[in-house]
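Undergrad: The structure is given below, and queries will be raised subsequently.
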Amino acid sequence: MKAICTLILAAAALSITACRNPQTEASNKKITAYPDNSTKYKQALIAELKAHPEGFTYTFRGYTKKANAEYMSVRIKRGSFDNVEEVLVNKWNKLDGIRRTKGLGYRAAELKGLKLDLVSTGNEQCFVYEDLDRIVD
């Protein structure tokens, strides 16, 4: 009996995760219609992040320092969309632990309520950290 219940629960979980929201997938196509790292791709992604923030999950992947700028790599996922983006961080108030440890111990932590913006830096645009609700290990 226990095996049957386990099998039923596993089948139910699989069927739920296998179903994709058609609206989400249509919105994802707005992003993936452009080459990664292109200006149009970044603009489409930031528009979706702002329009539907609740649909995305953000996971910390790493910390890097280049010249005088500090970045974090963030995995952004929604439905079939799954990409890692480099995010410039100027405000470290809620990310001080990540900065202090250079990301050690935070890999794969969820960044709940992450808010990003897009700014021009010379000839290109880059994602910039704006705010965060909390970090979940």
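Nothing in this text is a laboratory measurement; each read-out follows from the coordinates by a stated rule. Since we're looking at a predicted model, the values are computed, not measured. FYI the Cβ positions are ideal-geometry reconstructions off the backbone, even for glycines, and counts take in every protein chain you see.
Undergrad: Kindly evaluate N68 against the criterion of being within 21 Å of D137 (Cβ to Cβ) and over 18 Å from the mean Cα position of the chain (by Cα).
TA: no
Undergrad: Take D96 and decide whether it is acidic (D, E) and closer than 17 Å to R134 by Cα.
TA: yes
Undergrad: Check region 105-113 and report whether any residue there is touching a Ser or Thr at 6+ places or on another chain (Cβ under 8 Å), in a strand (DSSP E or B), exposed (fewer than 13 other Cβ atoms within 10 Å of the Cβ) and touching a residue at least 40 places away in the same chain (Cβ under 8 Å).
TA: No, every residue in region 105-113 fails to be touching a Ser or Thr at 6+ places or on another chain (Cβ under 8 Å), in a strand (DSSP E or B), exposed (fewer than 13 other Cβ atoms within 10 Å of the Cβ) and touching a residue at least 40 places away in the same chain (Cβ under 8 Å).
Undergrad: Looking only at region 35-83, filter to residues that are assigned to a helix (DSSP H, G or I) and β-branched (V, I, T); which one of those is surrounded by the fewest Cβ atoms within 10 Å (Cβ to Cβ)?
TA: Result: T39.
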